[in-house]
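Written out below as structure tokens is the structure these notes cover.
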Amino acid sequence: MHANNEIGTVQPVAKIGAVLRDHSAYFHSDAVQTYGAYPLNVHELGVDLLTLSSHKIYGPKGVGALYVRDGVPIEPLIHGGGQERERRAGTENVAAIVGFGEAVRWMLRERDETTARITRLRDLLIGFIRERIPGVILNGHPTLRLPGNVHFSFPNLDAESLLVSLDLAGVAASSGSACTSGSIEPSHVLAAIGAASEERGAALRLTLGRETTEEEVRETVERMARVVTRLARV
């Protein structure tokens, strides 16, 4: 993946692609998280295949895009028809595809300005949390991370109690990615980067979007600080 959907770290995909070119290996990258935040150039990244999703740029859910470099053979996902250049049989969802295209046009007009604004709010959120909640651990790269991703560990706190308390306080957060919502298992991502088990058990992800305001960031931190202080006394 171009960027991790849980801790937000942007991976050195271009460097990986350069290595793989010397070994005649096909290279696919999941760029769902970075599309809309950064310019993507498949030639600079050195990828043979690249996947994108509409919903990450505020387009319709259930539609995406696959880039395939000329000459790269792929097996059809669904057999039986010639749609999607014989790569996926079945009638296309035309309305969703058109909506995706319109979302792309809006995104391209606003991307640089929106990314800069969200990055500033992200850094404010990280700074405010560190000031108000001592002992927290920022997961992922401090700067090479998605503009709207903040992921912290809260040592010695129970993840479920933290999430429930924040929800009751009006703060929407998750313990991992949306793909693993509802799971009570410790984060495999934090385990992979060597985080201690007590840190993995109290991990929290906050995400910012194009409508997030600085006032909301400040209010979120104040509510989080009150919740963490109360739970630490239990």
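Where a number appears in this text, it was derived from the coordinates with a stated rule and is not lab data. Nothing here was measured: the structure is a model prediction, and the numbers come from that model. Using ideal geometry, Cβ is built from the backbone for each residue, glycine included, and neighbour counts are taken over all protein chains shown.
In region 1-129, taking the dipole from charged Cβ atoms about the Cα centre, the farthest positive-side position among Val13, Gly90, Tyr26 is held by Val13. Backbone geometry of region 95-111 corresponds, through the Karplus equation with coefficients 6.51, -1.76 and 1.60 at θ = phi - 60°, to 3J(HN,Hα) couplings of 4, 5, 5, 5, x, 4, x, 5, 5, 4, 4, 5, 4, 5, 5, 10, 4 Hz, x marking Gly and Pro.
Ordering 205-214, 4-13, 151-160 by mean Cβ neighbour count within 10 Å, with the highest value first, yields 4-13, 151-160, 205-214.
Highest average first, the peptides 89-95, 137-143 ordered by how many other beta carbon atoms sit within 10 Å of their residues are 137-143, 89-95. Here the peptides 122-129, 79-86 are ranked by packing, the mean other Cβ count within 10 Å, and the order with the highest first is 122-129, 79-86.
To two decimal places, what compactness ratio does the chain give when its Cα radius of gyration is scaled by 2.2 N^0.38 Å? Intermediate values should be presented prior to the final figure.
Values: Rg = 19.9 Å, N = 234, 2.2 N^0.38 = 17.5 Å.
For the chain, the normalised Cα radius of gyration comes out at 1.14.
Backbone amide hydrogens, once placed in the peptide plane, bring Gln11 within less than 5 Å of Ala3, Asn4, excluding anything fewer than 5 places away on its chain. Rounded to the nearest Hz, the phi-derived 3J(HN,Hα) couplings of region 50-63 under the Karplus curve 6.51 cos²θ - 1.76 cosθ + 1.60 (θ = phi - 60°) are 9, 10, 10, 9, 5, 5, 6, 10, 6, x, x, 7, x, 9, where x marks glycine and proline.
Based solely on its DSSP helices, what 222 nm [θ] is calculated for the chain when runs of n ≥ 4 H residues each add -39,500 (n - 2.57) and the sum is averaged over all residues, nearest 500 deg cm²/dmol?
Working: 8 runs with 95 residues, N = 234.
That calculation yields -12500 deg cm²/dmol at 222 nm.
For region 13-105, the normalised intensity computed at q = 0.19 Å⁻¹ comes to -0.99 (log10 of I(q)/I(0), Debye sum over alpha carbons, equal scatterers, no solvent). Taking K and R as +1 and D and E as -1, what net charge do the other residues with C-beta under 13 Å from the C-beta of Gly62 add up to? Computed value for this residue: +1. Only beta bridges with both residues in region 22-144 are counted; by DSSP, about 50 percent of them are antiparallel.
Couplings 3J(HN,Hα) for region 225-234, derived from phi with the Karplus relation 6.51 cos²θ - 1.76 cosθ + 1.60 (θ = phi - 60°), are 4, 5, 5, 5, 4, 5, 5, 5, 7, 6 Hz, where x marks Gly and Pro.
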